[in-house]
1. Ignoring ligands, DNA and RNA, what percent of the accessible area of region 163-208 is carbon or sulfur (1.4 Å)?
2. For a quick check of understanding: with a 1.4 angstrom probe and all protein chains in place, what accessible area in square angstrom does ASP233 have, to the nearest ten?
3. Each residue of region 680-685 in order: what ³J(HN,Hα) in whole Hz does its phi give by Karplus 6.51 cos²θ - 1.76 cosθ + 1.60, θ = phi - 60°, with x for Gly and Pro?
4. How would you rank 544-554, 246-256, highest first, on the average number of other Cβ atoms within 10 Å across their residues?
5. Given H placed on each backbone N at 1.01 Å, which residues far from VAL105 in sequence or on other chains put an amide H within less than 5 Å of it?
6. Quick one: which of LYS285/LYS333; LYS607/LYS724; LYS145/LYS702 span more than 24 angstrom between C-alpha atoms?
7. Accessible area per residue, 1.4 Å probe, Å², for the chain: what's the number?
8. So what's the chain giving for Cα Rg divided by 2.2 N^0.38 Å, two decimals?
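The values are calculated or read from the model by the stated rules, or taken from the named source; none is laboratory data. All values reported here derive from a predicted model rather than from experimental measurement. Positions of Cβ are backbone-derived with ideal geometry, glycine not excepted, and every protein chain shown enters the neighbour counts. Please note that ligands, DNA and RNA were not included when accessible areas were found on the heavy atoms of the full protein model with its side chains. Shrake-Rupley method; radii C 1.70, N 1.55, O 1.52, S 1.80 Å.
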Amino acid sequence: MYQRLNDKTIMFGQHEGTAIDQIVNVSAKAERAALLADGHVGFTMPIGGVAAYDNKVSVVGVGFDIACIAAGTPVTTADGYSVAIEDVRDEHPVVCWDGAATRPVSPHMGAVPRGTREVLEIALASGRTLRATGDHQILTRSGWKQADELGADDAVACAPYVGLPFQAQGWEVAVDVANPRAREELAGRGLLPLRGDDPRLPALVRVLGYASGDGHLTGNGKRVSLYVFNDQDAAELAQDIRRLGFEPREHRRLRGEGRREEINLYVDSIALHALLAGLGSPVGKKDWAESPMPWLVQAAPWVRALFLSAFSSAEVTTPRVHRNGTIPNLQLKQAGTHQHAIEFIAGLLRSLDFQVSVAESGPRRGDRITSVLQILGGQAEQLRFFRDVGFCRSVEKRVAMAAAASVAWQGERYARNRDAAKEEARARKAAGVGWRTVTADVSAEFGVSPGFVYHSIYDQRGRSRRLPGEAVVPDAEGEICWVPVERVRRDGTAAVYDVVTGDPAQCFMAGGVVVHNCGNAAIRTDLTLADITKGGLTLDEIKRNPHRLAQDRTANRLADEIQSTISFGIGRKNNADDAPVDHPLFLDPAWYAIPNTGGYRDTLQDKARRQLGTVGSGNHYVDVFADENGAVWVGVHFGSRGLGHTIASDFLALGQGLDWGRRAPEKEVLLDLAQPLGHDYWQLMELAGQYAYAGREWVARKVVEMLGGTELELVHNHHNFAWKETHASPRGEEREYVVVRKGATPAFPGQKGFIGGSMGDDAVIVQGATPSDDETAALQREALFSTVHGAGRVMSRTAAAGKVHRKTGRVITPGRINREMVGEWLGKKGVILRGGGLDEAPQAYRRLTKVLDAQGPTIHVEHTLHPLIVVMAGAGEIDPYKD
């Protein structure tokens with residue numbers, strides 16, 4: 001499966017001597033190197049080669065990545081706090097929305113820096129903003145959209161809860177535990193003393209908060225009970241208890257006809273009981289101490305908010321909406337012989353700058369007092385409670401919170417629009433415009449009544465309020481709201497980051513907004529094979545009778561449409577009406593690293609505009625697949641076209657002391673990133689990465705549109721690129737390297753990738769393994785968390801197709817493959833082919849299954865994609881771009 005070529009180079013699979021010599025030569029200048037199972041001879045560096053350099057980048061090894069979310073954007077976690085995106089690490093429980101529920105992402109690899117980029121500011125009707133690069137995807141009601149495609153007709157998925165910023169805790173609490181057995185057990189579990197940096201602290205605070213609300217610590221010190229009313233809350237609280245090392249049990253009962261089933265989660269443990277009581281949770285009949293939890297008052301704001309969130313999940317009223325569309329104050333009712341509990345909760349809320357009131361409710365019954373706490377400040381403060389505190393252990397209150405926030409945000413938008421119309425009407429009247437014109441124009445522009453505009457001019461009305469019955473229907477789906485986009489504008493440049501995830505949801509929450517994580521592009525659609533074939537075929541039918549697909553009229557018509565709509569071949573222009581010629585990447589300041597002597601930069605940019613969304617020739621393709629379940633996928637493979645080729649060619653020349661635009665030998669050039677030449681190359685390499693990303697996604701989505709489908713999942717990964725990553729050095733210490741993957745795919749644990757075979761072979765969706773054994777983990781580290789990008793060639797293009805006179809078409813030397821051989825292969829698979837030369841025949845490639853086997857347990861296959869339609873450039877097209 002693998003062998004070590006030297007003390008810093010590993011090889012997967014079997015390879016010819018020249019490719020091995022190339023990777024060994026590369027390793028002489030690199031800190032670490034690997035040759036993957038699909039490897040074959042390249043220029044200077046083999047295809048399938050990976051190398052880690054110390055702050056240097058190899059021009060011949062690079063192809064082209066993208067950027068994402070601006071630094072400083074809060075990323076929501078499941079542990080009651082948010083983390084600035086640049087600080088996200090793999091141990092932070094980042095959350096996603098998977099279309100049904102908000103839950104922790106599993107797995108993710110933390111934040112990855114993507115350089116400095118031009119960003120957009122997306123302003124939402126909720127008053128929130130998000131800064132992201134134009135190519136970053138955001139979830140809208142109609143599916144994933146790039147930020148630069150958002151408009152006023154879009155609504156994005158937004159969660160009311162974001163969380164307070166994380167602050168590290170350096171304190172210890174010497175919990176008073178009198179029972180020696182409990183003290184010994186807690187010390188053995190590492191819970192005594194309680195440390196502020198203990199990763200179990202969030203789980204403990206949630207259990208403590210919920211137990212102090214709707215829970216019970218028995219007077220005999222032996223049992224802790226938590227009372228919930230639905231299975232999800234019970235499962236999440238049980239998970240918290242298990243994180244502390246205790247195993248909960250469950251008892252269910254109906255407390256009367258028409259009442260809900262009560263779930264009692266209980267733990268028979270003197271240790272857990274002693275810990276919660278020692279931290280201040282009331283015992284027995286909940287007789288709270290006057291100052292019950294001094295350690296909590298001194299804790300970071302996010303810890304106080306997390307306790308309040310768990311307590312509120314049990315005790316605070318469920319969010320709701322008045323008939324007039326406003327949110328009433330959240331309330332908490334407590335009864336007892338004193339007000340210690342409610343005053344304690346009031347104090348915690350005040351410590352987070354909430355205004356609260358505490359008042360007696362109803363007459364006293366003997367020495368018992370019933371008190372009610374309200375969060376004051378109107379709707380704005382209720383929304384702030386949703387954002388900063390929320391209801392971490394009540395899914396029903398979170399769903400209600402989303403509905404209430406949706407209505408509130410619609411109302412605020414309604415009022416803002418009316419205020420803006422009012423100001424505009426007065427300004428135009430003051431400028432001398434006649435009242436009839438003002439009334440008609442402002443009414444049409446802002447969607448308000450002519451009467452409102454007229455009275456705005458002549459009456460001194462105050463700030464607008466929502467009209468009764470206006471926009472009181474929530475636009476929410478479970479725990480998220482669909483929030484309209486108000487404005488998208490350029491907002492300068494910023495350092496940007498992505499959170500790399502391996503979760504099927506492929507998203508996370510940034511500033512409360514559901515955003516995609518970034519990554520050859522494959523899109524899973526909502527279509528099945530039956531939807532794109534006239535005979536309603538299934539994959540089993542095609543495998544038994546391949547001619548059924550090859551002769552299917554609908555599928556052949558789709559192949560023709562793809563071939564005629566998408567531009568294939570060298571030097572082609574994207575002729576589509578919606579070609580992305582105005583993509584924001586053309587405004588990137590990196591362009592100015594290219595001199596414009598004689599209009600060089602302008603000419604290159606014009607060519608890049610025309611070529612964006614074209615596929616090229618050679619091994620570049622657009623394929624339609626069906627997976628093992630019959631789901632239809634669209635896969636594409638191409639890169640940064642003439643732009644990337646020109647950048648690489650020019651920096652090869654500059655690195656050898658030649659001028660821009662001069663041809664230079666294709667040999668190893670290492671550019672120091674600390675020097676101006678290396679700095680400029682890195683900026684332009686990333687620009688080419690944006691370009692490749694934009695082109696692939698445009699083509700893939702265009703084909704999905706032709707098929708009549710909707711995008712459900714995007715798997716997008718680069719090869720031929722350089723990343724700044726942290727890896728172990730040959731001496732074992734962690735350090736940052738520049739990792740160049742030439743024909744290789746990143747495959748960190750959990751990270752998805754799309755790997756193509758050949759025109760007549762299956763492709764796969766893979767995921768980097770999350771190993772449970774040390775040997776696999778060591779292999780992943782030595783491979784620099786990389787895997788193959790395809791099947792890999794077994795013969796050169798000339799050996800496969802022969803040598804042909806380019807002008808006359810006369811065969812000079814015949815190749816080893818002919819059309820009959822290709823037709824026989826594709827006929828057995830039932831593949832519909834448009835274009836494609838003999839140099840790309842299946843016989844010219846390894847079998848992908850054997851290549852994947854040679855990579856061993858470092859990856860696992862999630863989906864196998866059977867090719868249905870393959871569209872490529874025609875025979876005779878020569879692509880010099882090598883992207």
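1. Numbers: 1210 of 2340 Å².
About 52 percent, which is the carbon plus sulfur part of the accessible surface.
2. 10 Å²
3. Going residue by residue, I get 5, 4, 4, 5, 6, 4 Hz, with x marking Gly and Pro.
4. Ranking the peptides 544-554, 246-256 by packing returns 544-554, 246-256.
5. Here the answer is VAL94, VAL95, CYS96, since their amide H atoms fall under 5 Å of that of VAL105.
6. Beyond 24 Å between Cα atoms: LYS607/LYS724.
7. On a per-residue basis, the chain sits at 41 Å².
8. Cα-based Rg divided by the globular estimate yields 1.08.
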